[in-house]
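Engineer: I'd like to ask you about the structure that follows.
The values are calculated or read from the model by the stated rules, or taken from the named source; none is laboratory data. Model, not experiment: these values are computed from the prediction. Counting neighbours? That spans all protein chains shown, and the Cβs are built from the backbone with ideal geometry, glycine included. These accessible areas exclude ligands, DNA and RNA; they are computed on the full protein's heavy atoms, side chains included. Shrake-Rupley method; radii C 1.70, N 1.55, O 1.52, S 1.80 Å.
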Amino acid sequence: MLLCTAGAVGLLYVFSYPDSIMPANPALDYVQGITYYDFKPIMWVVPFLFMELVSVAGPRKNLVWFTSLLVVMCGALIAWPVLTAICPELVHPTFEYEDGKLAQGMIYMLCVLGFTMFTRLMVLRFLYPPEENDESDINNVDAAVLDPAKGLTVKEILANPQKANPHFLFGEADHERLSGFRAILRRLQRLSNWRTAIWATLALLIALWFCFFPQPNEEQALQRDMRTMYHYTKAADGTRRATFPAVHAAYRVMKHIAGTESLAGLSKTAAEKRLGLDSVPAAYRAQLRDESDLSIPSVDDIFDSRTRFLTITDGRRIAVLYVRTNEAGDTINIAEVQDAGWNAKADDIRRRFGTASSRGYYY
């Protein structure tokens with residue numbers, strides 16, 4: 001059961017986060033022949049086959065299989081609203097070119113559950129019905145009775161008929177024994193009712209948890225992301241890098257700023273205060289506020305009129321907030337956001353498209 005549950009966890013992870021196992025690599029598009037990347041759409045087969053091998057190793061294979069799947073799916077449903085409230089990037093993709101995250105993984109797990117219920121409980125049971133162990137002697141006939149040498153003619157049977165003499169026992173019932181049987185049946189019925197009630201209560205509690213777990217509103221989510229986006233870790237060489245949740249939170253904040261133009265009309269100092277940069281350690285704040293030229297994989301920065309205002313990266317993923325100021329350079333007019341590193345293939349396509357557009361190839 002434990003091994004099969006571990007396989008179900010692996011299956012959910014492969015369904016939810018395939019890009020973390022096998023990141024996109026545009027260089028493989030130019031490689032002839034079969035590469036390891038060709039197996040990405042079917043790598044879920046590995047944990048699936050592992051679960052199959054483990055479940056059939058014992059006598060109660062269906063119990064092990066479905067219990068493992070349901071335990072993992074119930075655990076995912078319990079974690080879903082919590083992750084949505086604190087780390088939404090684990091439940092839903094931040095970008096359309098990311099993998100499907102937990103939401104997509106649960107849909108695939110439901111498909112696996114439905115498919116295996118159909119195959120295991122219907123198709124296989126129809127093709128290979130369970131063997132019936134009938135050890136009673138009710139329908140057994142001794143071979144000697146059927147010996148043709150001992151057969152009788154109709155006249156012989158009529159001359160010496162053999163009739164069964166049934167003996168029926170009528171009389172008072174054994175009420176004490178009947179009471180004992182009724183007590184056993186009532187006890188079994190109570191146990192069945194208790195089991196049904198417990199499972200129904202657990203299902204109801206999970207449904208209530210999933211539906212009514214408190215979720216932050218738009219303003220609370222923005223404040224959460226503004227706190228999260230400044231989290232960082234220190235590498236061995238002393239450099240500071242944002243955490244995985246921090247980069248996602250930073251992009252959501254920058255997207256909100258660019259969409260609402262909440263920094264328009266502010267000075268750079270006021271914008272820093274609005275973004276909470278005054279609470280960030282000075283060394284890390286200087287790294288975030290670096291305005292020097294930066295080449296990112298998704299686009300050629302050909303806009304000389306915009307300034308890199310805020311840059312948050314974990315070493316691979318990057319989110320950059322650009323601003324355009326007035327002629328004097330002391331007031332922000334427009335904010336723009338740029339991302340890179342989440343999907344190398346998408347970055348390569350955007351970069352080549354932008355280069356072709358700037359050179360007039362599509363005109």
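Engineer: So for region 12-85, Kirkwood radius off the Cα pairs, Stokes-Einstein at 4 °C and 1.567 mPa s: how many µm² s⁻¹?
Structural biologist: It comes out at roughly 86 µm²/s.
Engineer: Take the solvent-accessible surface of the protein heavy atoms, probe 1.4 Å, and return the percent of it on the chain that carbon and sulfur atoms account for.
Structural biologist: The C+S portion of the solvent-accessible surface of the chain is 62 percent.
Engineer: For region 209-342, go through all pairs of different Cα atoms, get the mean of 1/r, take its inverse, and jot down that Kirkwood value in Å.
Structural biologist: Details: mean 1/r = 0.0641 Å⁻¹.
Taking the inverse mean of 1/r over all distinct Cα pairs, region 209-342 comes out at 15.6 Å.
Engineer: Taking every eigenvalue of the Cα gyration tensor of region 33-133, multiplying by 5 and rooting it, what semi-axes result, largest first, whole Å?
Structural biologist: That gives 31, 19, 11 Å for the three semi-axes.
Engineer: While we're looking at this one, here's another question. State the number of lysine pairs found in the chain whose Cα atoms come within less than 29 Å, restricting to pairs 8 or more positions apart or on distinct chains.
Structural biologist: Going through the chain pair by pair, I get 15.
Engineer: Ok, one more. Per-residue ellipticity at 222 nm for the chain, helices alone: DSSP H runs ≥ 4 residues times -39500 (n - 2.57), over residue total, nearest 500 deg cm²/dmol?
Structural biologist: -16000 deg cm²/dmol
Engineer: Give me the accessible area per residue for region 1-129, probe 1.4 Å, as a whole number in Å².
Structural biologist: Accessible surface, normalised per residue, equals 57 Å².
Engineer: Picking from GLU218, GLU176, GLU327, which is most flexible by a Gaussian network model of the chain using Cα springs under 10 Å?
Structural biologist: GLU176
Engineer: Determine the sum of side-chain charges near LYS40: Lys and Arg each +1, Asp and Glu each -1, restricted to other residues whose C-beta is under 11 angstrom from that of LYS40.
Structural biologist: Value of the local net charge: -3.
Engineer: As an exercise, find the ratio Rg/Rh for region 143-251 from alpha-carbon atoms, using the Kirkwood inverse-distance average for Rh.
Structural biologist: Computed over Cα atoms, the ratio is 1.65.
Engineer: Hey, another quick one. Compute the distribution of all C-alpha to C-alpha distances in the chain, in bins of 20 Å from 0, and list the percent of pairs in each, rounded to whole numbers.
Structural biologist: The percentages, shortest bin first, are 19, 37, 22, 11, 7, 4, 0.
Engineer: If you count only protein heavy atoms with a 1.4 Å probe, what accessible area per residue comes out for region 221-335, rounded to a whole Å²?
Structural biologist: Averaged over the residues of region 221-335, the accessible area is 49 Å².
Engineer: Just for the Cα atoms in region 39-82, what are the lengths along the principal axes, largest first, rounded to whole Å?
Structural biologist: Sorted largest first, the three principal extents are 36, 31, 9 Å.
Engineer: Still on this structure: Select from the chain the helices, each a whole stretch of DSSP H, whose alpha-carbon atoms run 20 Å or more along the helix axis and whose Kyte-Doolittle mean is at least 0.0; answer none if there are none.
Structural biologist: 2-16, 61-86, 101-118, 175-212, 244-260
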